[in-house]
Amino acid sequence: MNYRRLGKTGLMVSEIGLGGEWLERHTPEECKEIIAHCEAQGINILDCWMSEPNVRSNIGAAIQGRREKWYIQGHIGSTWQNSQYVRSRNLEAAKTAFQDMLDRFQTNYIDLGMIHYVDDPDDWNTIINGEFLSYVQDLKAQGRIRHIGMSTHNPSIAKAAVESGIIEMILFSINPAFDMLPVNGNPEVYFSNDFSTAVDGVSPERVELYQLCEQHDVGITVMKGYAGGRLFDAQRSPFGVALTPVQCLHYCLTRPAVCSVMVGFDNTAQIDEAVSYETASPQQRDYASILAGAPRHAYSGQCTYCGHCKPCPMDIDIAMVNKLYDLALMQPAPPASLRDHYHQLKTTGADCIGCKQCETRCPFGVKITERMRAAAALFSANTKE
């Protein structure tokens with residue numbers, strides 16, 4: 001298992017995480033088996049947004065005696081009322097639900113205290129300017145949560161959270177189909193059976209969000225990485241082709257700032273399938289060729305950092321140069337840290353000899369040579385300043 005630093009939290013989290021939602025339909029014994037197998041495979045982060053009491057108790061029993069081996073994403077504002085889940089900003093309800101989570105998990109702290117499910121601008125403004133955020137900050141001051149996170153499906157809300165400087169990491173919905181959603185697009189509508197309307201193209205706001213997170217050192221954990229399994233079925237996929245779990249994971253993990261993908265597991269075989277990502281070949285990870293050959297896609301001309309351009313005769317890490325270049329374009333002048341990162345590369349855009357071998361391999365027709373020259377000029381100019 002590979003581990004990534006979760007932004008400014010400093011936590012080293014496994015690239016594959018455990019999304020707990022599916023555990024709601026399992027017995028205590030089955031939950032224990034799934035969680036133990038995750039741990040044996042090196043998974044060390046789990047997300048529990050669910051307020052249902054039994055699943056919380058089952059998770060708590062499964063990690064008893066091994067709490068220190070897990071980073072827990074626990075959600076604040078996910079409550080259980082009248083025997084059903086209710087997202088609530090009522091402070092008393094949130095406090096009761098949070099204490100219930102601690103009690104059932106048999107712990108006195110949560111690593112990542114997630115402000116739960118903020119998709120509406122009015123909701124965000126109420127939280128950020130009111131008592132709800134004060135409560136979350138008090139939890140951190142008391143050591144009852146270690147870091148403040150937030151879950152959202154809305155890129156504009158996520159961007160506001162990143163720019164606030166308060167939110168240390170986000171849980172965000174990412175997969176190659178969602179990245180083509182318009183701002184505030186409805187995933188259920190998008191995944192309807194009517195594919196008569198062509199995909200419009202990669203959402204610039206989602207691309208900007210990933211770059212902004214990288215720039216502000218706000219780590220991303222991913223939900224909906226498989227789109228509920230619909231991307232595995234050509235008939236249900238908006239692309240008209242099927243992807244594999246490994247390809248979906250690789251897409252997510254090649255987005256800037258993404259550290260871990262929370263995957264829901266029904267059995268140990270599904271855990272092994274996801275963890276096989278760590279030893280998968282480049283061909284097995286390759287989502288780019290599949291998407292480029294799909295009847296409905298709109299990634300043309302845009303670098304997705306897939307690495308398909310390799311190998312380079314000058315050994316340039318083309319995907320990394322492109323990523324740093326895109327980050328640099330977001331601001332008037334690249335900060336020193338970004339410039340230093342570029343110049344610490346063994347080879348840079350300045351080493352490009354213009355052979356264009358990479359361009360013959362790029363599934364999306366990116367003009368790589370032009371981008372290498374532009375990156376070299378940009379970072380060279382800022383070096384001289």
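Annotations
- Shown in residue order for region 31-44 are the 3J(HN,Hα) couplings computed by the Karplus curve 6.51 cos²θ - 1.76 cosθ + 1.60 at θ = phi - 60°: 4, 4, 5, 5, 5, 5, 5, 4, 4, 5, 8, x, 6, 10 Hz (x for Gly and Pro).
- Charge-dipole axis of the chain as Lys and Arg at +1 and Asp and Glu at -1 on Cβ define it, positive-most pick from Cys252, Leu23, Ala93: Cys252
- Estimated FRET transfer efficiency (Ala242, Asn90; beta-carbon r; R0 51 Å; 0.05): 0.75
- Where region 205-345 is the region considered: accessible area per residue in Å², 1.4 Å probe: 38 Å²
- In this simple spin-label approximation, Ile353 and Met320 carry label points 7 Å from Cα along the Cα→Cβ vector, and these lie 2.1 nm apart.
- Subtracting the Cα-Cα distance of Ala141 and Thr360 from 0.36 nm times their residue separation leaves 73.4 nm of extension gain.
- Counting only protein heavy atoms and a probe of 1.4 Å, the accessible surface of region 30-114 is 42% carbon and sulfur.
- Taking a sphere under 12 Å around the Cβ of Met1 and counting the other residues whose Cβ falls inside, with K and R at +1 and D and E at -1, yields a net charge of -2.
- Full-stretch length increase - His343, Ser380 - with 0.36 nm per residue and alpha-carbon distance subtracted: 12.4 nm
- Expressed to the nearest 5 percent, the antiparallel share of DSSP beta bridges inside the chain is 20 percent.
- Amide H within-cut-off set for Ile16, under 5 Å, with H built and near neighbours excluded: Val261
- Residues in region 69-168 average 42 Å² of solvent-accessible surface per residue, probe 1.4 Å, ligands and nucleic acids excluded.
- Between Ile110 and Ile145, Arg146, the built amide H atoms are under 5 Å apart, and every one of these is 5 or more places off in sequence or on another chain.
- Scaled against the 2.2 N^0.38 Å expected of a compact globular protein of N residues, the Cα radius of gyration of region 212-363 reads 1.14.
The values are calculated or read from the model by the stated rules, or taken from the named source; none is laboratory data. Computed from a predicted model, the values in this text were never measured in an experiment. Note: ideal-geometry Cβ built from the backbone for every residue, glycine included; neighbour counts use all protein chains shown. For accessibility, only protein heavy atoms count, side chains too; no ligands or nucleic acids. Shrake-Rupley method; radii C 1.70, N 1.55, O 1.52, S 1.80 Å.
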